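Working notes, structure below.
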Amino acid sequence: MMDSTTRREVWDRRSGQGWATCVLAASLGLLVGCLLPQDDTLLDEPPRFMNRSPRIIESLVLPQEHIIQDFGGSRCELTFEVAVEDPDVDDRIKVHWFIDYSPQDPRGPYREIALTNNGEARRPDRGTLRINLASANAELSTPGQHLVEALVSDAELTDREPESQVVNLPDGGSIIDPGFVISYSWVVNTVQGDCR
């Protein structure tokens, strides 16, 4: 029979051997892991950035008020303007002007303006729409409320929705790069006046 001191010495030796075995196994595992071949596939080109949305600069919008009262009474001409910036400086930006758009009777834009691309985020020109009630067949001439909308897009629009692009990747896969459209609107209340 072993006394308690001898048992303790045997236990300590076994525990020490077990600990040493664990440390040795872990070290070998790390060494073996380093010997495995590494995948060193290089990209032909850096990953493509996804498209980002343009932005209407609200402080530069004209007119500043969203609701325009007494058009045709106190004034006969209105100028609507939106200034745009887009972090994707190569994007082609268009401003699509809609007047009294109705989903039940969808029509294309009243006017469409492509903004100049100067290689900077803020585009140098503005999407501008002028309405003069003194001209023949002027839009907004009918008394009542009218909705004027500026839709700013960095993609082609289909039924006022931006189209997305499929981008093929070097690995043979593909991703959908979305187009964006943002809008700004005004309500114009036209009244009977002496503009003609």
Task: Rg [Å, one decimal], Dmax [Å, integer] - the stretch 55-190, C-alpha atoms - done: 17.2, 64
Open item on the list: Quick check: pseudo-label points 7 Å beyond the Cα along Cα→Cβ at ASN117 and LEU62, how many nm apart are they?
Closed with: 2.7 nm
- [ ] Residues in the stretch 134-150, backbone N under 17 Å from the label point at GLN104 (7 Å along the Cα-to-beta-carbon vector): list them, ranges by number please.
- [x] 145-147
Task: Carbon + sulfur, % of accessible area of the stretch 55-190 - ligands and nucleic acids excluded, 1.4 Å - done: 46 percent
Open item on the list: For the stretch 122-196, take N as its residue count and report Rg(C-alpha) divided by 2.2 N^0.38 Å.
Closed with: 1.72
TODO: May I ask you to derive the FRET efficiency for GLU161 and ALA134 from their Cβ-Cβ distance with R0 = 30 Å, giving the value to the nearest 0.05?
DONE: 0.25
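The values are calculated or read from the model by the stated rules, or taken from the named source; none is laboratory data. Bear in mind that the values here come from a model prediction, so they are computed numbers and not experimental data. Neighbour counts are summed over all protein chains in view; Cβ atoms, including those assigned to glycine, are modelled from backbone coordinates with ideal geometry. Note: areas computed on protein heavy atoms with side chains; ligands, DNA, RNA excluded. Shrake-Rupley method; radii C 1.70, N 1.55, O 1.52, S 1.80 Å.
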